[in-house]
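In what follows, a structure is listed as structure tokens, so that the remarks can point back to it.
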Number of protein chains: 2
Amino acid sequence: MAAQDRGINFVETKYFSFSNPLNEFFLESGEKFGPITLAYETYGELNEEKSNAILVLHALSGDAHVAGFHKGENDPGWWDAMVGPGKGLDTEKYFVICSNILGGCKGSTGPSSINPRTNKQYGLDFPIITVKDIVNAQCHLINHLGIHKLLTVIGGSMGGMQVLQWAVSYPDRICSAIPIATALKHEPQQIAFNEVGRQAIMADPNWEMGNYYGHSVPAKGLSVARMIGHITYMSDISMGEKFGRNVKANKEQFKFSPEFEVEGYLKYRGDNFVKRFDANSYLYITKAIDRFDLLNGKKLGDVFKALKAKILVIAFKSDWLYPAYQSLEIVKACKLAGVDSSYCEISSTYGHDAFLLEIEEESQLIRDFLKTVSKR
Amino acid sequence: MAAQDRGINFVETKYFSFSNPLNEFFLESGEKFGPITLAYETYGELNEEKSNAILVLHALSGDAHVAGFHKGENDPGWWDAMVGPGKGLDTEKYFVICSNILGGCKGSTGPSSINPRTNKQYGLDFPIITVKDIVNAQCHLINHLGIHKLLTVIGGSMGGMQVLQWAVSYPDRICSAIPIATALKHEPQQIAFNEVGRQAIMADPNWEMGNYYGHSVPAKGLSVARMIGHITYMSDISMGEKFGRNVKANKEQFKFSPEFEVEGYLKYRGDNFVKRFDANSYLYITKAIDRFDLLNGKKLGDVFKALKAKILVIAFKSDWLYPAYQSLEIVKACKLAGVDSSYCEISSTYGHDAFLLEIEEESQLIRDFLKTVSKR
């Protein structure tokens, strides 16, 4: 069924740019950086009081295109099941905003963008950024849209880290927050998986210290990094159910070609990722994730000290990349700070991917939660 | 303290070769293969009845040097805490044998061995081998040593798969078996981790379709493969305890140099592995592991049908690479076949590595179990 037949309007990506010296932007490192462009999309209508805005925050490989269709494309946005008329984030009620993160490669300023000072892609001249920098840039966009207070900020995985960073950096600018399948800080096993992905990219001779634009990209390295990622996004149960020990149809003759379905799937996902993602963005964004630590020596009860917003924390049973105990730590931090918080662990075998797949229960939780926020 | 001061005699690696047509060796694939050399070491004395022999089976990166010291070396064998006078496998009582597996790179015939037909290293001309082939080759060695019946076969991880294969292929040649931290068949998540490692090796341009001998080895690819392995050998708890979010001392200036201790550790282990292991062996051995499936369409109760030996299955609580439920499946298969089997799950935070580290409890279990076997 074509997008229009399903009653969905096409969506277009918009761009917002801000630059020094008019809008000074200092990175967490102290470095001044700009100009910055953020690609973003909006869905639904902002009401007159500007009180119905929801900011959706995407994960590592996401982008601004959270829902609906771009003209000429067959696939909807990455969380289309959640965002739309009558859905969990109901665009008949709410004004939904999603922007590609700073450091990304889907329209926002990142290492593959042109550095106006050299007229060449930044590559490794792009500065190290943090989740705080990403959120600070988003705040410029929210200011630009004339919104003082967001009804909620919501996101899973690295999107959830941005949610938590909003709660810490801009406690007065949000009425509520929904961190999903995420953590207060990145733990060593999580860092380790990211680091192996980075090493795989940097081991690819095509990477050339990040100067590969216009030549061959480090496709094999990025593909391996993505394959590692995919293993951590699933669970042993979901892999067992999906693939078992099934042998691939049409196995190539070569001894070490993918033999089992699971191998073919991972290779396919890895190779496909290369077509749509920039290897340097992968390095910078995973580094931002690894540096994420809202505790950073603080007491747990002090993390959300200034927060008045209401929090709904969601985790998934089979998620071993961001296990439920890390979500419970967020809840504990909220409770210790007297923040109005609730927790729900959704039963699922999908692993970390569940936040994109367990839509029905997740939508219900979010819908009911938002009703209590709207009433305030 | 030097080895001799500790009362341990030096051990030397021995070699046993057999070849067609005198000792025909057919691979599981039907292919005839040879000559084959196995590097092996022995500890303790074989008694007159030849009834005190124990075969230790090593994991992916192990070798024949399980215990004691080689002359001129400072590090003992890989399971020295388990094998020796008065230890879990007491060399004052037992005659312990360990051989490097077929396909390995520590003295046994593998892809880095010289192919007598070409006078060059086999490389990818080496045939695909299976755990069954590995065990069949070991059986030739046991025959050569004049041992009809092994008191026990013992090993962890892939060593445990060999243990189980012995129980299936040679049920009358073993009195008992001790599979540790292992599985009846390799599941898709386990296959996936191995496949990503293989892809990392094959993505390295130095790999050159396996023809790298005498030139540069695929060091970066093999290092990435080993880093992935190491993550799966530990647990999130043990990584948390060992590294936390500690930042590395002496971080290099480069933006994407290892920043956290956990990154530095993995990189160190990866780079070190390259010095002692052959990348093609890594491909062949992980492939053998991935193909391992003792069920292969059989009913669970039929796997150990012919077995009279006594089985002790050991698993570790935090082992998520070979989780306890896979060990319980081995026990169930034994029970269904009426095999005398017992199970013990050792509390540990070390993850899969626990089989090399939780020596005290493991030794006690093994020592007591072997007493009941000896009495038979």
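The values are calculated or read from the model by the stated rules, or taken from the named source; none is laboratory data. As the structure is a computational prediction, the values presented were derived from the model and not from experiment. As a convention, Cβ positions derive from the backbone with ideal geometry for all residues, glycine included, and neighbour counts pool all protein chains shown.
Taking the listed residues A:Ile330, A:Ile359, the one that is modelled with pLDDT of 95 or more and in contact with a helix residue (DSSP H, G or I) (Cβ under 8 Å, 6 or more places away or on another chain) is A:Ile330, with no other qualifying.
Which numbered condition trips up B:Leu150, out of (1) over 16 Å from B:Thr42 (Cα atoms); (2) touching a helix residue (DSSP H, G or I) at 6+ places or on another chain (Cβ under 8 Å)? Result: B:Leu150 fails condition (1) only. Among the residues making up region B:110-126, those that are closer than 30 Å to B:Ala177 by Cβ and touching a Gly at 6+ places or on another chain (Cβ under 8 Å) are B:Gly110, B:Pro111, B:Phe126.
Taking the stated definitions as given, is B:Ile154 surrounded by 24 or more Cβ atoms within 10 Å (Cβ to Cβ), over 24 Å from B:Gly30 (Cβ atoms) and either in the same structural domain as B:Ala53 (by TED's automatic domain parsing) or hydroxyl-bearing (Ser, Thr, Tyr) (or both)? The answer is yes for B:Ile154. Picking from residues in region A:271-309 that are in a helix (DSSP H, G or I), hydrophobic (A, V, I, L, M, F, W, C) and touching a helix residue (DSSP H, G or I) at 6+ places or on another chain (Cβ under 6 Å), the one that is farthest from the other protein chains (Cβ to nearest Cβ) is A:Leu300. Residues that are outside any helix (DSSP H, G or I), at pLDDT 95 or above and basic (Lys, Arg) are absent from region A:24-40 altogether. Number of residues in region A:244-264 that are under 30 Å from A:Met209 (Cα atoms), assigned to a helix (DSSP H, G or I) and at the interface with chain B (Cβ under 9 Å from one of its Cβ atoms): the value is 1. Cβ separations smaller than 8 Å between residues 6+ apart or across chains give the following pairs from region A:185-206 residues that are more than 7 Å from every other protein chain (Cβ to nearest Cβ) and under 15 Å from B:Phe193 (Cα atoms) to residues that are among the hydrophobic types (A, V, I, L, M, F, W, C) and surrounded by 24 or more Cβ atoms within 10 Å (Cβ to Cβ): A:Gly197/A:Val224; A:Gly197/A:Ala225; A:Gly197/A:Ile228. Using the structure shown, decide if A:Arg269 is surrounded by fewer than 24 Cβ atoms within 10 Å (Cβ to Cβ) and touching a residue at least 60 places away in the same chain (Cβ under 8 Å). Taking the combined requirement at face value, the residue does not satisfy it.
Would it be correct to say that B:Val303 is in contact with a Leu (Cβ under 7 Å, 6 or more places away or on another chain) and either of a type in the set (Lys, Arg) or surrounded by fewer than 24 Cβ atoms within 10 Å (Cβ to Cβ) (or both)? No: the conditions fail for B:Val303. Need at least 1 residues that are out of contact with any Cys (no Cβ under 6 Å at 6 or more places or on another chain) and within 30 Å of A:Ser51 (Cα to Cα) per element, so show me which helices (runs of 4 or more DSSP H) inside region A:119-235 make the cut, counting only ones lying wholly within it. Output list reads A:131-144, A:158-169. For region A:319-342, residues that are away from chain B (no Cβ under 13 Å) and of a type outside the set (D, E, K, R) total 12. Within region B:181-206, the set of residues being among the basic types (Lys, Arg) and either over 30 Å from A:Asp319 (Cβ atoms) or in contact with a strand residue (DSSP E or B) (Cβ under 9 Å, 6 or more places away or on another chain) (or both) comprises B:Lys185 only.
Okay, residues lined up against (1) charged (D, E, K, R); (2) facing chain A (nearest Cβ under 9 Å); (3) touching a strand residue (DSSP E or B) at 6+ places or on another chain (Cβ under 7 Å):
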| position | (1), (2), (3) |
| --- | --- |
| B:Pro179 | no, no, yes |
| B:Glu208 | yes, no, no |
| B:Pro218 | no, no, no |
| B:Ser223 | no, yes, no |
| B:Ile231 | no, yes, no |
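Among the residues making up region B:69-86, those that are surrounded by fewer than 20 Cβ atoms within 10 Å (Cβ to Cβ) and under 19 Å from B:Ala53 (Cβ atoms) are B:Pro85, B:Gly86. Which of (1) in contact with an Asp or Glu (Cβ under 6 Å, 6 or more places away or on another chain); (2) in contact (Cβ under 8 Å) with a residue 40 or more places away in the chain does A:His230 not meet, given it meets every other one? With (1) in contact with an Asp or Glu (Cβ under 6 Å, 6 or more places away or on another chain); (2) in contact (Cβ under 8 Å) with a residue 40 or more places away in the chain applied to A:His230, the lone miss is (1).
Each row is one residue, and each column tells you yes or no for (1) surrounded by fewer than 16 Cβ atoms within 10 Å (Cβ to Cβ); (2) closer than 19 Å to B:Ser176 by Cα; (3) of a type in the set (Lys, Arg); (4) in contact (Cβ under 8 Å) with a residue 12 or more places away in the chain.
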residue: B:Lys308; (1), (2), (3), (4): yes, yes, yes, yes
residue: B:Ala315; (1), (2), (3), (4): no, yes, no, yes
residue: B:Ile330; (1), (2), (3), (4): no, yes, no, yes
residue: B:Tyr343; (1), (2), (3), (4): no, yes, no, yes
residue: B:His352; (1), (2), (3), (4): no, no, no, yes
